[in-house]
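Notes for the one structure printed next.
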Ligand SMILES: Cc1cc2nc3c(=O)[nH]c(=O)nc-3n(C[C@H](O)[C@H](O)[C@H](O)COP(=O)(O)OP(=O)(O)OC[C@H]3O[C@@H](n4cnc5c(N)ncnc54)[C@H](O)[C@@H]3O)c2cc1C
């Protein structure tokens, strides 16, 4: 039961910690509109907020949030929501604002009702617009319980449900509606690297730009990837984690990044980079594995995007729904941002014969204790996921000489990179210490085992060049996983899996140095509680660590926590995929780790078989297919593989202009690539 | 490319046909002059000895491939660095030289035309002429023509 009035705190995220800009009070049940325009009940006045951004539905029995087709979307915690119940446990996030529910024991002395102000945030709660307010029930418990059915929210009326009324929609109806935005043979959803690589294959196999459309919310195909790299501290000169021949800009994988880097230097009579050739020759046994610089990869993609005419194929928009049509095709509903709509309708529908879905990671993962800390101390910018912008940490610790301790959680590649970054920060402040939190110790002989081989362990961290063993991208492991039944496959993945980092000499040296100089310390266990405590040096985070077995609990006090345990792969965190999976009962892969569910089930050709629509075909790529026939789906090479498989599949079906791509065509297209001629 | 056993065999045969045979043919035209016996083909005289050596290389390689594949099983990544292939191919050639020295080809011509430093030097030059382009092909030239080869663990054909 909801107790009225409801108090909401609105925080604004700036450079530093979250700042509370407003406390508002909702006196009664109703639909509270959130947006930039004054007509909203809760006005958030910055350009990143859409005019009519979201709706907060408040009833006696609970609350719900629904996005109204905003450009920058609405989140609860870190999950993007379309329509979702809200229990106040996690904040609602809109652009740089966070809306927190104030626990009802706290009295709202500074509550503002009905008074607009000059702040960026103006919150007005003059009552509900549409719903009939009911008298608030007598307050009972202390907390708000939610038993709201998402269907209570008025979503059937909203785009695209107003058009997508059934599993199969009428193409003729869409074509005669105001939403219709064209029909194409090939449509790819996402517009990220997965979409780009797929479109690149189609172009090179013979399809013209006029037949392909990519719908995504970034013009640059690597925009999202670059953002994640930047946040996790991989600047352009740092090296990535893929090999020389994983080339999203070149479908052949030749010349690889190593030979290109060498060639570039040789032309200037510099011979140092001949070592890259040696690296590729000797990796991983005689030399450290070669990996390209992120900046070089981005540049190469820019060039290829130019060559294949990516800008002509890209349509800017956020896809909100996909349905089969009654003429063996697919309808893709999307919204364009206000500034791109040029006065036209923002809601649009495109129709395509062959569909490809590559929407990347559904969300960032926040482990429970971090979530709880953030909810309790929203003004303390102290705990971060490594994939979100946390520059403030480095800026703060580098700008003073005060001792600062940072907990780095996890033992994957991002953790290694963050530790490297903190090592660099120590150049400016010798008071920085690193507490590396890992779940459990791993002895040198305790690495994962699979068929007569064991993984190398160093300093409690499993080492592996890439996120899967090399033979997972072509080789016996790929063969095994493709042929396995889903149950056998999970067993293989469990045997091969587990977090790893790359075996980089510099990283090993940093840890050695850190242990020697006493500024690096590994701790084992998981945190039970995170508390804010006052100390002589100001507020700090105090953590109780539950160790494995009968080890005594450990207490850690630190200034910051950077969680490097990853991104969320669960497709239900994406409203688009959740709706698609529910509507067509898409089978899912089995997930690693008992009972979990993996990505969307695809065939070895990466077809989503359950979406087949007569002669229409739908494919998927990337993280959203995790746990299927190919292990390394979320990698450059994995995306090249899935694109090749699905485009080959189209060629055999006789899809328009897709050639069989034999040796001669392959060679002549490769020459075109080398001379930068359009395919 | 990370090979499987079938992929190893397929790639070996592919390189034999694409690079080994044409290179050996050219080579045998050049060495045919001062040596005998030679065979005529379209008026050209060439020596079959280089073909015999090439075939021995192929056979030794095909026999050793399962051994490499077995060793690969003890590697966590189930991979086979280029450097390994480089060194084992040289070992294969040394084995072929040993076989010739031991007399596997003695049935075909007088010993003086098979043995001796001068002949062994010629075999080494021939091997280098075949090996270097084959290795370059392995490093990347094959996939320019056969885009699926690297994902098919070295086998040819479609997915
Ligand atoms: C930090 C980091 C480093 C990595 N390093 C490597 C590496 O070195 N080598 C390697 O091989 N792999 C690496 N990967 C893995 C992988 O290659 C990248 O994540 C890659 O970007 C995945 O491509 P994608 O197309 O699946 O997703 P993305 O490139 O993220 O593209 C998906 C796009 O879809 C958009 N989208 C999502 N939903 C919708 C919707 N409803 N409507 C419209 N658009 C939507 C997103 O905004 C995004 O732009 C790395 C990943 C991370 C996070």
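The table below lists the values:
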item	result
Ratio of Rg to Rh over the range A:185-242 (Cα coordinates, Kirkwood Rh, two decimals)	1.08
Using distinct alpha-carbon pairs, which all enter the 1/r mean, Kirkwood radius of the protein assembly as shown in Å	30.1 Å
Mean separation of Cα contacts under 8 Å, 6 or more apart, over the residue count of chain A: relative contact order %	14 percent
Virtual paramagnetic centre 7 Å along Cα→Cβ of residue A:339, amide N under 20 Å, in the range A:20-53	A:35-38, A:44-53
Relative contact order for the range A:315-470, counting Cα pairs under 8 Å that sit 6 or more residues apart, in percent	12 percent
Spin-label model distance (nm) - residue A:263 vs residue A:302, 7 Å beyond Cα toward Cβ	1.9 nm
Which of A:71, A:247 has the fewest Cβ neighbours within 10 Å, and the rest in rising order	A:71, A:247
Estimated FRET transfer efficiency when R0 is 25 angstrom, pair residue B:13-residue A:675 (beta carbons, to 0.05)	0.20
Per principal axis, descending, Cα span of the range B:57-96 in whole Å	31, 18, 11
Shape of the range A:1-46, Cα gyration tensor, a/c cut at 1.5	oblate
Cut-off 13 Å (backbone N to label point 7 Å along Cα→Cβ of residue A:162), residues of the range A:48-75	A:69
D (Stokes-Einstein, µm²/s), Kirkwood Cα radius, the range A:387-510, 0.692 mPa s at 37 °C	198 µm²/s
The range A:515-587-the range A:368-387 distance, computed between alpha-carbon centres (Å)	10 Å
Under the Debye formula (equal points on every Cα, no solvent term), log10 I(q)/I(0) of the range A:589-679 at q = 0.12, 0.23 Å⁻¹	-0.47, -1.13
Cα-derived Rg over Rh, computed across chain B with Rh taken as Kirkwood radius	1.01
Share of Cα-Cα pairs in the range A:243-290 lying beyond 15 Å, as whole percent	44 percent
CD proxy at 222 nm, helix term only [per DSSP H run n ≥ 4: -39500 (n - 2.57); per residue of chain A; nearest 500]	-7500 deg cm²/dmol
Part-to-part distance (alpha-carbon centres) for the range A:610-679 and the range A:173-210, which is given in Å	14 Å
Sites residue B:63 and residue A:578, calculated FRET efficiency, Cβ-Cβ separation with R0 35 Å, nearest 0.05	0.05
Model label zone, residue A:495; criterion: amide N under 20 Å from point 7 Å along Cα-to-beta-carbon; scope the range B:1-26	B:2-6
The range A:243-290, relative contact order in percent, only Cα pairs under 8 angstrom and at least six apart counted	29 percent
Exercise: per-residue mean of other protein chain Cβ atoms within 10 Å, A:276-286	4
Neighbour-count order for B:86, B:135, fewest beta carbons within 10 angstrom listed first	B:86, B:135
Efficiency of FRET from Cβ geometry, residue A:521 and residue A:20, R₀ 51 Å, rounded to 0.05	0.90
Cα-only radius of gyration and Dmax that characterise the range A:357-429, units Å	14.1, 49
Sum of -39500 (n - 2.57) over DSSP H runs of 4+, divided by residues of chain B (222 nm, nearest 500)	-19000 deg cm²/dmol
Distance between the range A:434-471 and the range B:129-144 - C-alpha centres, whole angstrom	34 Å
Cα long-axis angle, helix B:5-15 against chain B (0 to 90 degrees, to the nearest 10)	40 degrees
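The numbers here are math on the coordinates, done by the rules we state, and not lab data. A quick note: this is a predicted structure, and the numbers were derived from the prediction, not measured. We place every Cβ from the backbone using ideal geometry, glycine too, and count neighbours over all the protein chains shown.
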